[in-house]
Amino acid sequence: MTSSLFDLTGKVALVTGAAQGLGRAMATALAEAGADVLLVDRNETGARETAATLAQLGRRAVVAACDVSDPVQIRELFHRLDTEFGRIDFLGNVAGDGILGTPEDIPLEDVEKCWRNLVLGRFCACQEAGRRMLAAGRGSIVNIGSLASITALGRSHIAYSMAMGAVAQMTRELSTEWAGRGVRVNAILPAQVINPGLQQRMADHPALRDKFLSGIPAGRFGQPDDIKGLSVLLASDASSWITGALIPMDGGNLAVNAGGSVGPGGGDRRQGTGDRKQESGDRKQKSGSKRK
Ligand SMILES: NC(=O)c1ccc[n+]([C@@H]2O[C@H](COP(=O)([O-])OP(=O)(O)OC[C@H]3O[C@@H](n4cnc5c(N)ncnc54)[C@H](O)[C@@H]3O)[C@@H](O)[C@H]2O)c1
């Protein structure tokens, strides 16, 4: 049973990128908390699989094929929302992917394509949802950003990084414009969450796995389900005074300095379990160590 603070019964959510990964997990979490969901993706087959899961929860789940880099398709999508549901309480702007290329060589067409997908698509959906939410005097929007919204990744991420930086500013500007009229806008900034593209890149460049993990103090990659709690929190009244926030979902990545070390004395927690950490903490207390 969902606590009333987090209850989404009777609410309508629109989630893009709902065919797999973070979008599917977000949509599932919202439905588990009681919401009906419009599932949006260019991969209609995947979105239908998500819908089948949600239907088993007893929620209404409608699938809409849409390429979010095309504003015409997004506007049609919102007309469909009006017809099918007649309201929107939550927008999850999740769909998207990056295009890699070095700053000196990437074709401008690729930069524009990436920007259309991640910036124009998210903004157009915010605009359409925002108009309806402002008219209703309530609503919550979550934009998925990235570590690349506020830090540099290198490794040919220039187009993606510039786009995700814009997503951070979009979130701050919209929250500032709309907070006084009942509409909240927040962003979630994930670190590396396992998906097919990430797995392929680590298969192509095996050293990347350790490189990524060395930046995650929690000692593991994210899983799509890691977004479930934040999704329900941000969609629900439990977060009614949270807006304009860029919330890391990163196992501690953004907190740690590049020269920092995980654990006392630079130990690597990936080698051990939480229990071992507790044991070493116990040992330290017993020996009265005052390591600084
Ligand atoms: N996974 C990570 O490590 C990570 C980290 C930071 C940010 N992100 C961002 O989070 C979002 C979701 O990531 P994920 O791991 O779930 O990715 P994913 O590749 O597993 O899923 C992305 C989904 O978005 C859909 N999509 C992509 N472009 C689309 C478009 N133009 N129109 C409609 N649908 C489109 C795809 O079909 C797919 O279903 C992406 O924007 C990604 O950039 C992911």
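Please treat every number below as a calculation from the coordinates, not as lab data. Keep in mind that this is a model prediction, so the values were computed, not measured.
The figures follow:
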read-out: For the chain, built as a Gaussian network whose Cα springs stay under 10 Å, the top-fluctuating residue of Ile194, Ile158, Ile144; value: Ile194
read-out: Compactness relative to 2.2 N^0.38 Å, alpha carbon Rg of region 21-78; value: 1.09
read-out: P(r) histogram, all alpha-carbon pairs of region 214-254 included - 10 Å bins from 0, percent; value: 25, 47, 25, 3
read-out: Contact order normalised by residue count of the chain, Cα under 8 Å, 6+ apart, percent; value: 17 percent
read-out: Globularity ratio of the chain, using Cα Rg and 2.2 N^0.38 Å; value: 1.07
